[in-house]
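**Q** Sharing a structure below in structure tokens format, with a few things to ask.
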Amino acid sequence: MDQHTSTDGDATPALMFNRRELAGALGDIGVLLPLMAGLIIICGVSAFMVFLLTGLAYVAAGVYFRLPVPVQPLKAMAAIAIVGGASAGEVAAGSIIMGIILLFMSATGLASRLSYLFAPWTVKGVQLAVGLMLIQGSLSFMGIGGMAKWKGVSVPGLPPAAALAIAAGSLLLLLALGGNRRFPATLVIVGAGLTLGFFVAGPSVIRHLQIFTLSLPSLPLPGRATFTAAFLLLVIPQLPVTFGNAVIATADVSRSYFHQRSRRVTPRALCASLGIANTAIGLLGGMPVCHGSGGMTAHYRLGARTGGATVMIGALLVASAMLFGNSAVYLILMLPLPVLGALLFYVGVEHARLVLSLNSRFAILVAVSIGVVSLIWANVALGMAVGMGVSFLAGTAKLTRRLLSAPG
């Protein structure tokens, strides 16, 4: 494993800026871009603020954690908002509520105390669930089981056979160029995808781009009814997933990949980071964000080793916002969905493989059960409940054996 340490001699890595870091920076776009586009197009969230604030959050995460800690959409909240057609005000209210809750958990130390409730099989089960869901989501992008489309925007699509061919070619490139420092796989694939997208969708997309047309949104503070709706519909389904995946599982993955270099990536610090980001984003009208263990795998497996990767993708998002304003969303539409699908599939497989680090058949069986339950019911929180239930029963059984074997 690469060791990049700071000049003060501790285990904090220095920020690196090179082709490999840039390739890793783009590793998570398969999750990031579709949900960004959905919130902008369907929910009416300001594209300028989404690109700008997400970019700034990425830069801040890279500078503080010094590792490729991702900044993703709050996936459950974003999916519910997109499917239900939530308003920008409801999305903002959900972000503010989530931010305040996470700040409370960090300030009171509750985040650290709750982390002890998560047995290793629960953490790895959540990671397996996320990996399986990424694989499932990638299939529609690749044209399997119906082609995913950009809802509400007219962009020329691809025939299913062509979509599969592009996805297969992208996966082969990922395997062939894995670890190649001179030609990082992600840069080659994204570059080829954008070139193809230019010829397929270029004319219908480029005509929408507007340069240097910044328009700050005028988003009033949501009212009580909006906050109530956001809490019931958006926050409650998201909160357990955020704590399980974006906090506990992310800290665990960071330790798995970076060992002593991950000393800053703690449950308390992750809650504080997300609390500050989401409160500010909600007040300014951006996209609610989390970190996410799958995103860290995406950045790491595709080349990132320091926070330089997240600083670079953050800078790209900020530059897109400043240059194209609200029309920046059309940059996303230029990248063919099969390319995003191939990245999602690769990352999903790599993330699911983390379950193999468990050292007992029982733990692996429980983790697999968590993953399967989460996938079947599309609910990571339900899978987490299974894992915590097994932990409770195992603890009860262990205590019972001790009591029965005690003398007298």
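The values are calculated or read from the model by the stated rules, or taken from the named source; none is laboratory data. Since this is a predicted model, take the numbers as computed values, not measurements. Counting neighbours? That spans all protein chains shown, and the Cβs are built from the backbone with ideal geometry, glycine included.
**Q** Please find, among V45, V50, V63, V69, the residue that is among the aliphatic types (A, V, I, L, M), within 16 Å of R261 (Cα to Cα), buried (at least 20 other Cβ atoms within 10 Å of the Cβ) and modelled with pLDDT of 90 or more.
**A** The unique qualifying residue is V69.
**Q** For A321, all conditions in the list (1) within 26 Å of I29 (Cα to Cα); (2) out of contact with any Leu (no Cβ under 7 Å at 6 or more places or on another chain) hold save one; what is the number of the exception?
**A** (2)
Every residue, every condition in (1) in a helix (DSSP H, G or I); (2) out of contact with any strand residue (DSSP E or B) (no Cβ under 8 Å at 6 or more places or on another chain); (3) closer than 25 Å to A367 by Cβ; (4) not aliphatic (A, V, I, L, M), yes or no:
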| position | (1), (2), (3), (4) |
| --- | --- |
| I96 | yes, yes, no, no |
| I101 | yes, yes, no, no |
| S106 | yes, yes, no, yes |
| A111 | yes, yes, yes, no |
| K124 | yes, yes, yes, yes |
| V130 | yes, yes, yes, no |
| M133 | yes, yes, yes, no |
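**Q** If I filter the range 113-122 down to residues being of a type outside the set (G, A, S) and not in a helix (DSSP H, G or I), which single residue comes out as nearest to V289 (Cα to Cα)?
**A** The selected residue is F118.
**Q** Restricting the search to the range 313-336, which residues are crowded, with 23+ Cβ neighbours inside 10 Å and part of a loop (DSSP other than H, G, I, E, B)?
**A** Of everything in the range 313-336, just one residue is crowded, with 23+ Cβ neighbours inside 10 Å and part of a loop (DSSP other than H, G, I, E, B), namely P336.
**Q** Return a yes/no flag: does the range 269-279 have any residue that is closer than 21 Å to A37 by Cβ, touching a strand residue (DSSP E or B) at 6+ places or on another chain (Cβ under 7 Å) and not in a loop (DSSP other than H, G, I, E, B).
**A** Checked the range 269-279: at least one residue is closer than 21 Å to A37 by Cβ, touching a strand residue (DSSP E or B) at 6+ places or on another chain (Cβ under 7 Å) and not in a loop (DSSP other than H, G, I, E, B).
**Q** Test A352 against the criterion of being crowded, with 20+ Cβ neighbours inside 10 Å and at negative phi, and give yes or no.
**A** Yes: the conditions hold for A352.
**Q** Then there's this: State which residue is surrounded by the fewest Cβ atoms within 10 Å (Cβ to Cβ) when the search covers only the range 194-228 and only residues that are modelled with pLDDT of 90 or more and farther than 17 Å from G285 by Cβ.
**A** Result: A225.
**Q** To continue, here is another question. Looking at this structure, is G371 part of a helix (DSSP H, G or I), surrounded by 19 or more Cβ atoms within 10 Å (Cβ to Cβ) and within 15 Å of the chain's Cα centre (by Cα)?
**A** no
**Q** May I ask you to verify whether G94 is closer than 29 Å to Y300 by Cα and crowded, with 24+ Cβ neighbours inside 10 Å?
**A** no
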